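Taken together, the values in this text are just the output of simple stated rules run on the coordinates, not laboratory data. It should be emphasised that the depicted structure is a prediction, and the values quoted were computed from it without experimental measurement. Heads up, the Cβs are rebuilt from the backbone with ideal geometry, glycines too, and the neighbour counts pull from every protein chain shown.
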Amino acid sequence: MARTFKVVAEQGAVGFYQGPIAESIVTVIKEAGGCVSAEDLASHVSTWENPISVDYRGLRVYECPPNGQGITALIALNILEGFDLAALDATSPEKMHLMIEALRLAFADAKWYVSDPAFAKIPVKELLSKEYAGERRKLINTHHATLDFQRGAPVASSDTVYLSVVDGMGNACSFINSNYMGFGTGIVPKGWGFTLQNRGHNFSLDPNHPNCLAPRKRPYHTIIPAMVTRVPSPTGRGMSKGQGEGRAGGEGEMLYASYGVMGGFMQPQGHVQVLSALKDAGLDPQSALDLPRFCIDVEESGGRVAVEEGMPKTTMDALQKMGHPLYEVSGYERALFGRGQVILRDESGVLCGGSDPRADGCAMTV
């Protein structure tokens, strides 16, 4: 691995995607029955993407665009904005029910629409409109679970490492990296000390699906670092921009939080739950991360909802009566609920950080 880093430091991306490292990658994949060629690696191009965002109760929440699943969290937040979550206890059954339902609706859309925008037209602006959120919100029964939400039609989708860094001026970096399942494929190019990722796992094999498997195409991607800013008022230093795409941190916007939650399809669910704990419940970063969470199994429609130990029994009992198929998760398996890091910046510039108790990590100053 040290030799790999030395080559990359000296030669940059070319040293990885061409030359001896690339040759070793192609060889080991072919030995395993795969079909990646030297040409495939040499033709790789990285892209700079503009984030997508929505306004949520005076904050602007930024996420990675498709082919990332950040839009899932934004759709859910748009739906939840129509409910007075601040009036509900942080772990009340009423609040948990609304968040579960909003996320089921969001995943119903994301599992269809999130794909490579170079191959499919994705109606990002329409999916993130307040009008569309209002229509989807009407589908929520506040007293009973709905397990079979279908995707909407806005026009007439844990080996991960996450870090957050904020400096004294309020500049922030929200960064995430992952090989996906455990050690990715578990395949190591001989002599180079790293494992190959298996992110292609999230393609669809349905040829009619926007996210269907195809050459040189990016799949539904789960890793999504997040950033949140304070939206300036019309009388403030800057005007609020509209929904949709834009650079993180527009005119007059000040950093509110740099944060992320690792864990596959748990990530947008964790983003929604942690942000609601920060904004709606008024908790500090560590307290927000310490709250027990839920995780919907989104691999199938109407999937079960895992609930973390520590969730009040009265809440679990009430959710089950509403029709939610729950099961409790404890011990080491709590890693299912993600591992988050949060740095909050108040209006005077004071920073406050928290690190998830479900994994190794820490909040520190340098």
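Rounded to the nearest 500, the helix-only mean residue ellipticity at 222 nm of the chain stands at -8500 deg cm²/dmol, with each DSSP H run of n ≥ 4 adding -39,500 (n - 2.57). Distance between the pseudo-spin-label points of residue 5 and residue 86 (7 Å out from Cα toward the beta carbon): 4.6 nm. Of the GluC sites (Glu not before Pro) in the stretch 247-344, the ones in a loop by DSSP (not H, G, I, E or B) with at most 12 other beta carbons within 10 Å are 251, 299, 300, 309. The magnitude of the dipole of the stretch 1-126, with charges of +1 and -1 set on the Cβ of Lys/Arg and Asp/Glu and taken from the Cα centre, is near 160 debye. Near the amide H of residue 254, within less than 5 Å, lie the amide hydrogens of 230, all on another chain or at least 5 residues away, with H placed in the peptide plane.
Along the stretch 190-203 the Karplus relation, 6.51 cos²θ - 1.76 cosθ + 1.60 evaluated at θ = phi - 60°, assigns HN-Hα couplings of 4, x, 10, x, 9, 9, 7, 6, 10, 5, x, 3, 8, 6 Hz to successive residues, with x for each Gly and Pro. Since only 22, 56, 35 are under comparison, the one whose Cα sits farthest along the positive direction of the charge dipole of the stretch 1-62, derived from C-beta charges on Lys, Arg, Asp and Glu, is 56. When only the Cβ of Lys, Arg, Asp and Glu is charged (+1, +1, -1, -1), the dipole of the stretch 137-206 relative to its Cα centre reaches about 140 debye. With the Kirkwood sum run over all distinct C-alpha pairs, the chain has a hydrodynamic radius of 21.6 Å. Here the 3J(HN,Hα) profile of the stretch 143-150, calculated from phi with Karplus coefficients 6.51, -1.76 and 1.60 at θ = phi - 60°, is 10, 8, 6, 10, 9, 10, 4, 9 Hz, Gly and Pro shown as x. Relative to one another, the C-alpha centroids of the stretch 281-302 and the stretch 87-156 are positioned 17 Å apart. By the count of other C-beta atoms within 10 Å, a proxy for reagent exposure, 205, 80, 319 are ordered fewest to most as 205, 319, 80. If you count Lys pairs in the chain whose Cα atoms are under 15 Å apart, skipping same-chain pairs closer than 8 places in sequence, the total is 10. Label separation (residue 47 vs residue 350): 4.3 nm, computed from points 7 Å beyond Cα along the C-beta direction. When +1 charges are put on Lys and Arg Cβ atoms and -1 charges on Asp and Glu Cβ atoms, the dipole computed for the chain relative to its Cα centre reaches about 480 debye. The string of couplings for the stretch 209-216 from the Karplus curve (6.51, -1.76, 1.60, θ = phi - 60°) is 8, x, 9, 5, 5, 7, x, 6 Hz, one whole number per residue in order, with x for Gly and Pro.
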